[in-house]
1. Spin-label point model (7 Å from Cα, Cβ direction): what's the residue 343 to residue 261 distance in nm?
2. Along each principal axis of its Cα atoms, how long is the range 22-195 end to end? Whole angstroms, biggest number first, please.
3. Given 37 °C and 0.692 mPa s, compute D for the range 32-102 with the Stokes-Einstein relation, Rh being the Kirkwood radius over Cα pairs; round to the nearest whole µm²/s.
4. Beta carbons within 10 angstrom, averaged per residue: use that to sort the peptides 182-192, 226-236, highest first.
5. Run the numbers for residue 55 and residue 209: contour at 0.36 nm per residue of separation, minus the present Cα-Cα distance, in nm.
6. What is the Cα radius of gyration of the range 206-351 over 2.2 N^0.38 Å, N being its residue count?
7. Would you compute the Debye intensity of the chain from its alpha-carbon atoms alone, equal scatterers and no solvent, and pass along log10 I(q)/I(0) at q = 0.13, 0.15 Å⁻¹ to two decimals?
8. Quick one: which of 64-70, 120-126 comes out on top by average Cβ neighbours within 10 Å, and what's the full order, highest first?
Amino acid sequence: MLSACSKSARIAEAPADRSSFLHMSDTLGMTRVDITSPMQEGRRIARYYLVKHHEEPERPVPADGIAVEVPIRHFATTSATHVGYLKALGCLDSIVCMATPELVYNRPSHPVVNIGSDYQLNVEQVLLARPDVLIATQYGMQIGGIEQVQQAGIPVIYMVEWLEQSPLGRADWLRLFGALTCREETADSLLRDITARYHTLQQESRSHRSRPRVAYGQSFRGTWYVPSGRSYMQRLLQDAGADYYYAERTEEGSIPLTIEEAILSMGDADIWLGVNADNLSELEAIDTRHTWMQPFRNHNVWNWKGAITLQGGSDFWETGILRPDLILADLIYALYPEQLPSDYRPAFICRLPD
C-alpha cells in the first residue's frame, strides 16, 4: 500500500480518474496507443502499435501507426516530468539520455547523456546514446532536431500529460510506461493504490465545515499569475477543501493579474500557497508589497520546495506528477493538519521561515 506522504482553444474536460488524451486498447495481438490533442478535441497527434519482442502479432502492423517493439530497454526523454513514471516502475536506470539532466531530481545510478533542451535537441548526442525510443513533450510546435531522430529509426512518443486538468488523469499516463516496459500489472496496481488513497483523502476533506481562504502564486516581474478554476492546481485545492478565490474563473491557462489586483482580491487570505521563495525575507525582497498580504504577516506562507536539488531539480514535478495523493496530503497538511496522523511528514510542501 502506498503511503500518504493563455490558450484560445478549449481543452477537453478530463474524466476524474483517467487521462483525456491517452487511449490504449489491445488489438490484433498488439497494444494500440492513441495520443489525442488537448487543443483540438478528437484530433489524433500520433498512433503507436506496441509489439512484444519475439511475439508475432496476428497480422502486420497497420500502416496508420508506428510500430514500437517492447519492452523498451533504453529511454531518451525531454522532460523531468517523465522520470517519475519510470522510477515508480523500477526502470529509472533505463534512461540513457535526457534534456537538461542537471534539472532532474531523480537521477539514474549511471551517467546520462545530455541531449540539449526540450525545444532543441542535440541530435548527435541522441544518436550516440542509442536509445530505443525518445519520449518527447508535445508543445503543439516542432521540436528542433526531432525529424532527424525519427529519420534515424528512433520512434518518438509524444506526451501531453502536462495538460491534463485532472490530477489522477496525469497519474494515468503510468499505463503507457507500464506498456512500454511490459510492467502493466505493476502500473495497474500502483494506480489502484494511488486512486484509492486520493479518494479517501478527498472524502475526509469534505467533512470540514470551515474552508480556509487560499491565495496562490506571487508577483513575477510585475505580473501575478494565478491558476484558473479549470486548472490542475484548482482541482487539487478543491479536493483538499480549500476556498480558492479564483475557483469560478473558467479561462484556460493561468490568469495574469497586477500585484494590486492580486492583493486587493486575496490580501485577506488565511493561507498563501505556491510561492517561489525560500523564506519570508526573500519574498519581501522580490516585492515589498508582498508584506501587505495577511498570510505574510501571520507567517502562513508555503512553497513546493520540500524536495529539491541545489541545481533546482524538483521532485514535485517528477514523483508528484504520478502521486497526486501525496500533493493532496501535503495541501491538507497545510490546510487541516489535524486530519492527518501526528507524525505525518510532507513530501513536497514547506512553510516559509523568516
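1. It is 4.8 nm.
2. 39, 38, 36
3. 229
4. Working: 182-192: 16.5, 226-236: 20.8.
Top of the packing list down: 226-236, 182-192.
5. Working: separation 154, 0.36 × 154 = 55.44 nm, distance 5.68 nm.
Extending this stretch completely gives an extra 49.8 nm.
6. So the range 206-351 has a normalised radius of gyration of 1.00.
7. -1.07, -1.35
8. Highest-to-lowest ranking by the protection proxy: 120-126, 64-70.
Bear in mind these aren't lab numbers, they're just calculated from the coordinates by the rules spelled out. Note that the structure is a prediction, hence the values are computed from the model and not measured. Glycine also receives a Cβ, built like all others from the backbone with ideal geometry; neighbour counts cover every protein chain displayed.
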